[in-house]
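Below: one structure, written as structure tokens.
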Amino acid sequence: MKHNSVDQNQPTKNKSINLNLKKMENTKSNRNGRSNGATKKMSTNVTQTENSRSGMQSSQLMQLFVEELKDIYWAEKALTKAIPKMIKNATSEELIKALQNHLMETEEQVKRVEQVFEIIDKKAVAKKCEAMDGLMKEGEEIMKESEEGAMCDAGIISAAQKVEHYEIASYGTLRQFAETLGLDDAVELLEATLEEEKAADEKLTEVAVSAVNIEAAQEQE
Ligand SMILES: [Fe+2]
């Protein structure tokens, strides 16, 4: 049997972090359960250790949350510059409309990320996201290599959908982290963007199925 590649493992890794946290929580309550029968002093010591352990876990999770936030902040800002290039190269009316709509959403998403930074009382800082940079470079290459028309449109859709899937994975993780950290307002903001990214991905599939791919296939014949 083949082993999963590193990329395929990425969402699983996030999931396993969540699962591990849950596991730690369970172990904690089991241990606390057992300590009920012990002396009061021992139980206080155990609780103190557990509290500091769980405090450490949540501060590490907060660190991870901030790092991930900086990453998506860079990505969203970069996308406000990359999407107009895609619009310029696209020919299908439907695709142009979908991209224009998502550009407006992306501008709002940048603001939402800034609001999340505010909620956690941190300065909004962008950190270059190498993965998104790679995806955008790939998109540019496709546009450069393919002739204007349905083939180029199909390439743009493919590149844009890869971007959407990266964002869906990031926002899914961020929302989960925010939930674990008890940041209810952040959960709401991240959830709103996550839903927009999913809808944008579905819209691109619709555009591809309805016109672009068929025309691209005909162009090739
Ligand atoms: Fe986005």
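Only one residue in 76, 118, 68, 105 is more than 16 Å from the ligand (Cβ to nearest atom), at pLDDT 95 or above, in a helix (DSSP H, G or I) and under 23 Å from the mean Cα position of the chain (by Cα), so which one is that? The match here is 118. Taken together, the residues in the stretch 140-192 that are more than 16 Å from the ligand (Cβ to nearest atom), of a type in the set (Val, Ile, Thr) and closer than 25 Å to residue 111 by Cβ amount to 2.
Scan the stretch 121-154 for residues that are part of a helix (DSSP H, G or I) and in contact with a Gly (Cβ under 7 Å, 6 or more places away or on another chain) and jot them down. Scanning the stretch 121-154 gives 142, 143. Here residue 94 meets each of (1) among the charged types (D, E, K, R); (2) within 16 Å of the ligand (Cβ to nearest atom); (3) surrounded by 15 or more Cβ atoms within 10 Å (Cβ to Cβ) with one exception, condition (2).
On inspection, residue 182 qualifies as more than 19 Å from residue 83 (Cα to Cα), modelled with pLDDT of 95 or more and not in a helix (DSSP H, G or I).
The values are calculated or read from the model by the stated rules, or taken from the named source; none is laboratory data. Every value quoted in this text rests on a predicted model; they were computed, and no experiment measured them. Note that each Cβ is placed from the backbone with ideal geometry, even for glycine, and that neighbours are counted across all protein chains shown.
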